[in-house]
1. Do the sum for the chain: with -39,500 (n - 2.57) for every DSSP H run of n ≥ 4, divided by all residues, what is the mean residue ellipticity at 222 nm, to the nearest 500 deg cm²/dmol?
2. Take the Cβ-Cβ distance between L360 and E241 as r, set R0 to 41 Å, and report the resulting FRET efficiency rounded to the nearest 0.05.
3. List, in order, the whole-Hz ³J(HN,Hα) value for each residue of region 10-18 obtained from phi through the Karplus relation with A = 6.51, B = -1.76, C = 1.60 and θ = phi - 60°; use x for Gly and Pro.
4. When a/c is below 1.5 the answer is rounded, else prolate if a/b is larger than b/c, else oblate, so apply that to region 54-117 with a ≥ b ≥ c taken from the square roots of the Cα gyration tensor eigenvalues.
5. Based only on other Cβ atoms within 10 Å, what is the fewest-to-most ordering of S22, S223?
6. Who wins for biggest fluctuation among V288, V116, V171 in a Gaussian network model of the chain, springs between alpha carbons below 10 Å?
7. Arrange the following residues from fewest to most other Cβ atoms within 10 Å of their Cβ: V322, V361.
8. So what J values fall out for region 331-344 if you push phi through Karplus, 6.51 cos²θ - 1.76 cosθ + 1.60 with θ = phi - 60°, rounded to Hz, Gly and Pro as x?
Amino acid sequence: MRWGRVILVTLAGVVSHTFGRSTMPLLLPAIAEDLELSATTAGATGSVNMAAYLCGVIAVTYLANRIAPAVLLKCGLCIVLAGLLCLGTAPTTTQVMVGTALAGLGGAGVWLTMPVIATSNVPVAKRGTVMGSLTATMAVGSIVIPFATSAVRDLVNDVGAWREVWLLELVAAGVILTVLCIALRKDISPPLPRGAGIRAITRLKAWKTAVFFYMAFAFVGASWFQFFGLSLESDHNMSREFTTNLWALMGIGGVAGAVIFGRLSDRLGRPRTMCLVTAIGAVTCLLVLSGNMWTAALAATLYGMAGMAVPPLTAAFVRDQVAEHDFTAVFGAMTIFYGPASVLGPISGGVLADITGSYLVTYLVLAFTFAFASLAAWNLGQSEKQNVAP
């Protein structure tokens, strides 16, 4: 197992998920103020990103047995770079939507190929650790971005600056793409053999429950941090500087959680660990609603630990049960189910906030959804026990 390769490939995830997705909710309070966005429109930025991501998933699933994984990853990165350029020069809401759509579209090419490239020739007993390391490396970027955002705002003397942050990320993404192209220049891995397609998802144990779990998390995962800063600033009058720094705590939690829960899943099993992290996620929703600065900080840290651990745990859960040539098709099918829920989450959360005048109901709905996801993961564990019983 070559850790250097794992880390280099994970840099692509920093571009697609940290730059292309996680930066949006960090900057959203400033964007909403500058462009005068309603809560519904603010939520729509997340829905557009995830809708484009879904389209990318469908495309990558179709192309997986025609184009080498490394090529798909590089193409995805190029599309994300185009999205960052669009966001960094956006004068209107329309261009913001186009930019976040491009970032989501390219992100699919990165996320669906990263696990295959990173876990190539890795034994099952270490895949949870490797997948956790992928997310941990991405979370390191989430620690840096809030501080970089504050530094940029201090430099331009504008607490509401947001375009400059994306332009800085564009430069960093260009460097990462160059390094990856050099590192993977000798990667001549062929396209994945034709697998069973979307029907291969039925090879998963209790696949309907697994799909429900991932859809429930999709609804929450696309919404929780989309409204985090907006909720703290508008409902609880917390300063923008404070809420910006909370994203660093979320990143620190993500680094710790991805590694801790990845290793824990190698020992306890994926379903039990998935049950634990989603139960923690439900608690974080209630912490957000308390309106205290220390509970907001705790919520950010715990959500970073739990929320960032679910995708790699789910990927490892799938990878444990299917052959390598079927992984992209099966995980792609899981993500296709993930897509509609992740599109519905942010827009519905924004509508609820506009109707009720606060984000209270939004986060209560997210807490209940997290609880249902935890129950689904528990049932996955029970099914696993039944399958191994003599």
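1. Calculated mean residue ellipticity at 222 nm is -27000 deg cm²/dmol.
2. In this case the efficiency is close to 0.95.
3. Per-residue couplings from phi come out as 5, 4, 5, x, 4, 5, 6, 9, 7 Hz.
4. Judged from the Cα gyration tensor, region 54-117 comes out prolate (a/c at least 1.5, a/b above b/c).
5. Taking fewest neighbouring Cβ atoms as first place, the list is S22, S223.
6. Comparing V288, V116, V171 in a Gaussian network model of the chain, the most mobile one is V171.
7. V361, V322
8. Per-residue couplings from phi come out as 5, x, 5, 4, 6, 5, 5, 4, x, x, 5, 6, 6, 5 Hz.
Every number in this text was worked out from the coordinates using simple rules, so none of it is lab data. Just so it is clear, the structure is predicted and the values come from calculations on it, not from any experiment. With ideal geometry, Cβ positions are generated from the backbone for all residues, glycine too; neighbour counts draw on all protein chains shown.
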